[in-house]
Amino acid sequence: MHCLSPKMVCETKIIADEHSIPGTKKDSIIVSASQMWTSSSSSPNSLEENLKKDTVSIREFELTDHEDVRRIFYDGIMERIPNTAFRGLKQQTKTQIIYTFITMMCFVVTKSVALTCCAPVLLMGARYYFSKKVIHSFLDCALHTDMSDIEQYYMKPAGSCFWVAVLEGKVVGIVAAQGNEEDNTVELRRMSVDSRYRGKGIAKTLGRKVLEFAMLNNYSAIVLGTTAVKLAAHKLYESLGFQHMGVTEEYTLPGMSHSFVERMFFQLRYHRYRLQLHEE
C-alpha cells in the first residue's frame, strides 16, 4: 500500500509570563472565565483547587505522551466513519441523485414496496462499510509514518513541532506544525481533542499555539487541509483567522483502491485553508 508522508462553551483567557515570547518552550495556560470571576466569598483554598482543576496547559510533546497521543488521534479519526458515511452524503448532490435512481429502479424491476424500502438501508450500509474500510487504511498508514515517530517527524526537524494539551495531569489534545522551507509556510496538522474534554476552548488554544510558533519562526503563512464534515471544525478555523481557499471534490486518501464500487459509496471533500501572516 502506498502511503503519503505525513465550541467554545465559555470564554477563555491565556495566562503567561508577561515577559515570555509566544512560541517559546514555556507552557501556555488557559483558565475558564467563570473561574476568573469566582465570588469573593470563596475561600483561598477552594479558589486554588477550582483553578487547578480547570487549568489547561499546552506543552511540547514528550516521549511519555506517545500512547495518549496515538489514542486521541485514533479516536478522532474513527469518529469520521459515521460522519463521512451519513453526514457527508448531504454534501454529495450527485450521489443523492444516483441513490434515488437506484431506489426507483428497484421498484420498477421488483414491483415490491418491501424490497424498495430495503434499498436505502442497503445503500447506507454499503456507505458505512466502505467508509470504515478506507478510513482504517488511512489510519494504518498514518500510524506507521509520522504518528509512529513524532520525535523524528516533528521534534527534530527545524521549523516543526508537536504539542499536547494537558488537563488534570492528562493529555487531552494534540496538534502539530510542519514547516515547508520551499514556500516558507507551516502546515497545521493532526489537531484533535479528546471527546470527553471538548467545549473548553482547547482546540482553539492549540490552534493559537501554532500561530504563535509560525510568527516566532517568521513563516509567511499557515496552511491546512481537512476532510472534516462537521461545520464546527470549519468555524474553528475561520475563528482563528483562516480563509477558505477552495475545495477538491472526490478527494483520494492513502489506501483507497479507486475502484468503481468504492467511488460509488465513499466520497470525500478536501477543504484548503490559509492564514497569511505577512507577504514575502
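What follows is calculated from the coordinates using simple rules that are stated; it is not laboratory data. What you see is a predicted model, and the numbers here were worked out from it, not measured in a lab. With ideal geometry, Cβ positions are generated from the backbone for all residues, glycine too; neighbour counts draw on all protein chains shown.
The 3J(HN,Hα) values that the Karplus relation (6.51, -1.76, 1.60; θ = phi - 60°) gives for segment 263-268 are, in residue order, 5, 6, 10, 9, 9, 10 Hz. Gly and Pro appear as x. Share of pairwise Cα-Cα distances greater than 24 Å in segment 137-280 is 37 percent (whole percent).
Counting Lys +1, Arg +1, Asp -1, Glu -1, what net charge surrounds Y197 among other residues with beta carbon under 10 Å of its beta carbon? Write out the running numbers ahead of the final one.
Numbers: positive: K170, R196, R198, K200; negative: E168, D194.
After counting each charged neighbour, the total is +2.
Between segment 60-87 and segment 128-160, the C-alpha centres lie 10 angstrom from each other.
Look at the alpha carbon pairs under 8 Å that are at least 6 residues apart: their mean separation over the length of segment 179-280 gives a relative contact order of 32 percent.
Size descriptors for segment 170-233 (Cα atoms only): Rg and Dmax, in that order, 12.7, 39 Å. Taking amide H atoms as placed 1.01 Å from N in the peptide plane, the amide H of V56 lies under 5 Å from those of I30, each 5 or more residues away in sequence or on another chain.
If you average the sequence gap of Cα pairs under 8 Å that are 6 or more apart and divide by the length of segment 70-162, what percent do you get for the contact order? Don't jump to the answer; show the numbers that get you there.
Details: 49 pairs, mean separation 28.8, N = 93.
Worked out over segment 70-162, it gives 31 percent.
Note: segment 212-272, Cα convex hull, 105 Å³ per residue. Highest mean packing comes first when the peptides 95-103, 222-230 are listed by Cβ atoms within 10 Å, giving 222-230, 95-103.
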